[in-house]
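The structure appears below as structure tokens.
The values are calculated or read from the model by the stated rules, or taken from the named source; none is laboratory data. Please read all numbers here as calculations on a predicted model, not as lab measurements. Virtual Cβ from ideal backbone geometry, glycine too; neighbours counted across all protein chains shown.
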């Protein structure tokens, strides 16, 4: 109970800090819209490739952009942790009667909230740009985006606490974001990819989320397929959350 | 009465075999101000980190407010307030929001918390700035808010880790008055770390000098000062000297002891400074050692520090008489 209340205080603190940076808010909200419109225009003719299942590329692209944005925004979650670590705020919080789990959970829930908000905006813009989907599918894809984003945010915080260095975190996140996005079916139908990328994509969490999200959004859903990938993402989130909590212990051993 | 803080044989080694604490023990009486005085890297902050449950010792044990820091860290955290070396504030929140969050984490809520926050803002002169973002606060204001955060839950033990480092002299003086007022608070025990002698002298009831991870001497400021009998002689020489020549010149006088030469600076002690000065000058002149200036001073904590913290003694040849170091 205390744990949940403390996590809530920390989430609200982070969201309030975000809200007070209008430029940050503007960029956070505009960036996914830009991605959707830019990539939608750039790769438009992909829909004409023989064997491409979807008639509209925007329909196809929307879940990909949702997941890519989740990755991009959640990946930087560890930056605030490094700043707090350097400033001394983290040390004060760690000597306060605040559970480590609540501290991590607060930071992750803030990422979850931002990812969900961004996803809603992407879906709205996609709808305006001609993509069609049901409300149920839209709600379901939010769950997948939240799982993927939160897991990546936990990973980012773990790396932040282990490296305690902004450059290392930027390097690690940049190193992962693009390959994870492009080795998935975010922009290209899986059956049209080279065989080796198809194999890699089978193990790529971004692909799990993208393909599941796409099925949910189009309403042609293989429930076994979606449930398996949902389960895998949940497991990934659990692993990343444990990693982040453990990284706290490693940090404390070093101080 | 049991001690408010009790540490026994704390040892802490960091990666790379840096031994930060080497068997440090201390005991702090409830309701008193205790200062850990020492140079940077002596182990003061490591001690505070262990006592505030931030860090764990390799061996040794400690109790704070009656709770074991290793086995009951949650209880310790509820009983203490911590003001770290760096500011622990959230710059993107207002002063009041910082206070309220800290209070909530300590289990306070509602009107009691609001009133407490208001009271502390008032007391630390932050009422007008209460609704402004902390990022716009001056260094002194941030430090005052740091202390207010440490006090919000009415702790029984307050840790102040170098509370005035990096502050302007006038802000530091104001901070000292604030801390002095805190000590008037009933039952509040304060553990303070500092490398300013003046600060320890003014604020603490007891001082422990820390060097290389252990306490080398402990006592009241008066006790420590009286350990150094007589006056301190500080002589500026015309040229850098090695100790041997100066020692030979002064040893037979019988007036001075604890002779230390550090480049052009010559430090010595004398039972009666005024009587020793002409004799010392004469002896130096006879050996052809030029003197630029002479000062005679009553012993200060500075001298205690010089004697016990040891750094300068390490790098200098010392001509110590057997009586000088017990």
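Residue count for the range A:82-135, restricted to those that are away from every other protein chain (no Cβ under 14 Å) and either without any contact (Cβ under 8 Å) to a residue 40 or more places away in the chain or in contact with a strand residue (DSSP E or B) (Cβ under 7 Å, 6 or more places away or on another chain) (or both): 6. Tallying residues that are in contact with a helix residue (DSSP H, G or I) (Cβ under 8 Å, 6 or more places away or on another chain) and in a helix (DSSP H, G or I) within the range A:217-238 yields 11.
If the condition is being in a loop (DSSP other than H, G, I, E, B), touching a strand residue (DSSP E or B) at 6+ places or on another chain (Cβ under 7 Å) and under 26 Å from residue A:83 (Cβ atoms), then the range B:68-90 contributes B:84, B:85. Name the residues in the range B:4-30 that are outside any strand (DSSP E or B) and at pLDDT 90 or above, would you? Of everything in the range B:4-30, those that are outside any strand (DSSP E or B) and at pLDDT 90 or above turn out to be B:4, B:29, B:30. Looking only at the range A:165-187, residues that are surrounded by fewer than 18 Cβ atoms within 10 Å (Cβ to Cβ) and not in a helix (DSSP H, G or I) come to 1 in all. Exactly one residue among A:92, A:16, A:107 is assigned to a helix (DSSP H, G or I) and surrounded by fewer than 18 Cβ atoms within 10 Å (Cβ to Cβ), and that residue is A:16.
For beta carbons closer than 8 Å, sequence separation of 6+ or different chains, a first residue in the range B:181-207 that is on the phi > 0 side of the Ramachandran plot and a second that is surrounded by fewer than 17 Cβ atoms within 10 Å (Cβ to Cβ), the qualifying pairs are B:187/B:30; B:187/B:31.
The criterion of being modelled with pLDDT under 95 and either assigned to a helix (DSSP H, G or I) or under 22 Å from residue A:64 (Cβ atoms) (or both) holds for residue A:85.
For the range B:177-198, which residues satisfy the criterion of being at pLDDT 90 or above and outside any strand (DSSP E or B)? Show your work before the answer.
Taking the range B:177-198 first, the residues at pLDDT 90 or above are B:188-194.
Across the range B:177-198, the qualifying residue is only B:188.
For the range B:26-74, which positions are touching a residue at least 40 places away in the same chain (Cβ under 8 Å), surrounded by fewer than 21 Cβ atoms within 10 Å (Cβ to Cβ), within 14 Å of chain A (Cβ to nearest Cβ) and under 14 Å from residue B:3 (Cβ atoms)? The answer is B:65, and nothing else.
Has the range A:149-164 got any residue that is surrounded by fewer than 21 Cβ atoms within 10 Å (Cβ to Cβ) and part of a helix (DSSP H, G or I)?
Keep residues of the range A:149-164 that are surrounded by fewer than 21 Cβ atoms within 10 Å (Cβ to Cβ), which gives A:162-164.
In the following step, the residues that additionally are part of a helix (DSSP H, G or I) were identified as A:162-163.
Looking for residues that are surrounded by fewer than 21 Cβ atoms within 10 Å (Cβ to Cβ) and part of a helix (DSSP H, G or I), one finds at least one in the range A:149-164, hence yes.
I'd like the full set of residues that are under 22 Å from residue B:174 (Cα atoms), away from chain A (no Cβ under 14 Å) and part of a helix (DSSP H, G or I), limited to the range B:96-144. Answer for the range B:96-144, where residues must be under 22 Å from residue B:174 (Cα atoms), away from chain A (no Cβ under 14 Å) and part of a helix (DSSP H, G or I): B:117, B:118, B:119, B:120, B:121, B:122, B:123, B:140, B:141, B:144. Just to be sure before I move on: is residue B:207 part of a strand (DSSP E or B), assigned by TED's automatic domain parsing to the domain that holds residue B:18 and over 30 Å from residue B:100 (Cα atoms) in the structure I sent? Judged against the criteria, residue B:207 is a match.
Filtered by the rule that a residue be buried (at least 18 other Cβ atoms within 10 Å of the Cβ), more than 7 Å from every other protein chain (Cβ to nearest Cβ) and more than 22 Å from residue B:190 (Cβ to Cβ), the range B:75-95 gives B:94, B:95.
Residues checked against (1) more than 14 Å from every other protein chain (Cβ to nearest Cβ); (2) modelled with pLDDT of 90 or more:
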{"residue": "A:5", "(1), (2)": "no, yes"}
{"residue": "A:11", "(1), (2)": "no, yes"}
{"residue": "A:16", "(1), (2)": "no, yes"}
{"residue": "A:21", "(1), (2)": "no, no"}
{"residue": "A:28", "(1), (2)": "yes, no"}
{"residue": "A:38", "(1), (2)": "yes, yes"}
{"residue": "A:42", "(1), (2)": "yes, yes"}
{"residue": "A:55", "(1), (2)": "yes, no"}
{"residue": "A:61", "(1), (2)": "yes, yes"}
